[in-house]
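Peer 1: My questions all concern the structure below.
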Amino acid sequence: MGSPSKTRRMKPLGIQLYECARGSPISFRSCQALVLILTFLSYASYHATRKTTSIVKSVLDPKTENLGMLHWPSHLYLQDLRDAQGNMTALYSGWAPFNADDGTALLGEIDLAFLGVYAIGMFFAGHLGDRVDLRILLTIGMIGTGFFTAAFGAGNWLNIHNFYYFLGVQMMAGLFQSSGWPSVVAVVGNWFGKSKRGLIMGIWNAHTSVGNISGSLIAAAMLKFGWSWSFAVPGVMIAVVGLAVFLFLPVGPEMIGIEEDIHEKDAEKDDMGAPLLEERSASKEKAVGFIQAWRIPGVAPFALCLFFCKLVAYTFLYWLPFYISHTAIGGVYLSDTAAGVLSTLFDVGGVVGGILAGHISDRLDARALTAASFTFSAIPALFFYRIYGSFSLYSNIALMFVTGMLVNGPYALITTAVSADLGTHSSLNGNSRALATVTAIIDGTGSIGAAVGPLLTGYISAKSWSGVFTMLMASALVAGLLLSRLVMAEISAKMESRRPDAAASDLPVSSMEQS
């Protein structure tokens, strides 16, 4: 631990001012609450800016109005969808170049470019996050995201009709957004020990749904003033939250001079086999490399598992309202607005699933077993939703909620608690500077699946929605199978720990080490 003056220089300015006004140091519990609130608002604002584009698409290209949240059009299946929609006449002029015949395809290309850059940038952002101050990296990412989000809307004010301007702006926004997730997970992982990490992060992960809902409401409310404001307001909001992060976010307990706390006790428990304190301290000075992070037991299977989990989750995110509006539920076709409102129940189920998965994994002390159980259970849920979801509105609501819970449960668990666990794995010999890199590897790999799933759905849905659900069920099966080795290791460790002569062991760590 550094000297008091050095510790003070490390503290965010806002905390220094608060302590001066209060006359006493901020407590550990207060810092934990502050971290949860700031990181929650931070990532909710990221999702709010992402959601803006889907709301404004029907204004930029009026022909997309009846396609709901169709994000992944293609020239190869766009005509099929248009033929199936006899009422896709433009109600207003739109905005060039998106109001042309290929406007919907252009909007899809922008989305694909955004997610592609986001996924690639995630790997670099995580590598960078373990080497620089996470507070600074997160602040730059949020302000940069706000700037380029507003810059997209500025195309209206500046009368810009060049497609490559909007494409470039979205790519830059994706690049800056890639710094968000590795940073917030690493910060939360620094502050919360392993014993309750799953439950805490499961609740905290609700920021995704809160951001999606708030982003939709803000963008829709601003449309009456012009679509520029639908981008400008969320852009300003994320920049303001970024400023609050810069002033108040403590990256870790060491930043506020805490030497003995629950976090460190959990870390000591997790790393009982680590080298002596002197060796641990030396290793912390050097961040873990990208290849070394991939070699941490459990990282590769969880990253590949998340690829397929996100493929399923993001297919629902982008296509569910469209699927609902084009499926007779109880013999009645719902309007686009009603379908959009109904689809939010999938997100509600996802929030419950994330909390439940986190709590169960804490109680069982088995992350892989919990994630695999949810993933395998999602297969029959997807089947029943496809077959029986159209019987009535009530059956659709119930099955959609359950499906959202089982699909998003392992997705939330892997991107939060699992990433934090692996980022502080005992094989790192006490080196804690791997959280952002590991988080980026896992979520970056998953983000590739997030781009692939909706894109494949665009091709397959033009011929058969049953084919889409077959793809989703197959993806869930593969996701579960990828964790099978870790699951067996966790079960074996559980059985060993119940033997009278067996020493107590930390199951997630020991099971991953055996893999």
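The values are calculated or read from the model by the stated rules, or taken from the named source; none is laboratory data. Just so we're clear, the structure is a prediction, and the values are computed from it rather than from any experiment. Neighbour counts run over all protein chains shown; Cβ positions are idealised from the backbone, glycine included. Calculation scope for accessible area: heavy atoms of the full protein, side chains included, ligands and nucleic acids excluded. Shrake-Rupley method; radii C 1.70, N 1.55, O 1.52, S 1.80 Å.
Peer 1: Do any residues in the range 325-336 that are closer than 11 Å to SER390 by Cα and touching a residue at least 24 places away in the same chain (Cβ under 8 Å) have Cβ atoms under 9 Å from those of residues that are open to solvent by less than 70 Å² (accessible area, probe 1.4 Å) and assigned to a strand (DSSP E or B), where the two are at least six apart or on different chains, and which pairs are they?
Peer 2: Going by the 9 Å Cβ cut-off, there are no qualifying pairs.
Peer 1: Could you please tell me which pairs satisfy a Cβ distance under 8 Å, a separation of 6+ or placement on different chains, a first residue in the range 8-20 that is at pLDDT 90 or above, and a second residue that is small (Gly, Ala, Ser)?
Peer 2: GLY14/ALA244
Peer 1: Go through the residues of the range 427-450 one by one and say whether even a single one is open to solvent by 10 Å² or more (accessible area, probe 1.4 Å), at pLDDT 85 or above and among the hydrophobic types (A, V, I, L, M, F, W, C).
Peer 2: Yes, some residue in the range 427-450 is open to solvent by 10 Å² or more (accessible area, probe 1.4 Å), at pLDDT 85 or above and among the hydrophobic types (A, V, I, L, M, F, W, C).
Peer 1: Within the range 327-338, work out how many residues are assigned to a loop (DSSP other than H, G, I, E, B) and touching a helix residue (DSSP H, G or I) at 6+ places or on another chain (Cβ under 8 Å).
Peer 2: The number of residues fulfilling the criteria is 5.
Peer 1: Which ones in the range 339-368 are in contact with a Ser or Thr (Cβ under 8 Å, 6 or more places away or on another chain), aliphatic (A, V, I, L, M) and not in a loop (DSSP other than H, G, I, E, B)?
Peer 2: ALA339, VAL348, VAL351, ALA357, ILE360, LEU364, ALA368
Peer 1: On to the next question. Can you tell me which residue is most open to solvent (accessible area, probe 1.4 Å) among those in the range 92-122 that are farther than 29 Å from ASP443 by Cβ and out of contact with any His (no Cβ under 8 Å at 6 or more places or on another chain)?
Peer 2: Looking at the filtered set, the residue picked out is ASP101.
Peer 1: Quick check on my filter: what residues within the range 11-57 are outside any helix (DSSP H, G or I) and open to solvent by less than 20 Å² (accessible area, probe 1.4 Å)?
Peer 2: PRO12, the sole residue that qualifies.
Peer 1: Pick out the one residue from SER214, SER183, SER209 that is part of a helix (DSSP H, G or I), open to solvent by 30 Å² or more (accessible area, probe 1.4 Å) and touching a residue at least 60 places away in the same chain (Cβ under 8 Å).
Peer 2: SER214
Peer 1: Something else: Among the candidates PHE123, PHE152, which residue alone is in a helix (DSSP H, G or I), farther than 18 Å from THR439 by Cα, assigned by the TED database to the domain that holds GLY235 and aromatic (Phe, Trp, Tyr)?
Peer 2: Result: PHE152 is the single residue among PHE123, PHE152 that is in a helix (DSSP H, G or I), farther than 18 Å from THR439 by Cα, assigned by the TED database to the domain that holds GLY235 and aromatic (Phe, Trp, Tyr).
Peer 1: Would you call SER335 polar (S, T, N, Q), at pLDDT below 85, more than 21 Å from the chain's Cα centre (by Cα) and open to solvent by less than 30 Å² (accessible area, probe 1.4 Å)?
Peer 2: No: the conditions fail for SER335.
Peer 1: I would also like to ask the following. Which residue, of MET237, MET201, MET172, is open to solvent by less than 10 Å² (accessible area, probe 1.4 Å) and assigned to a helix (DSSP H, G or I)? Write out each step before concluding.
Peer 2: Numbers: MET237 fails: open to solvent by less than 10 Å² (accessible area, probe 1.4 Å); MET172 fails: open to solvent by less than 10 Å² (accessible area, probe 1.4 Å).
Going through MET237, MET201, MET172 in turn, the sole match is MET201.
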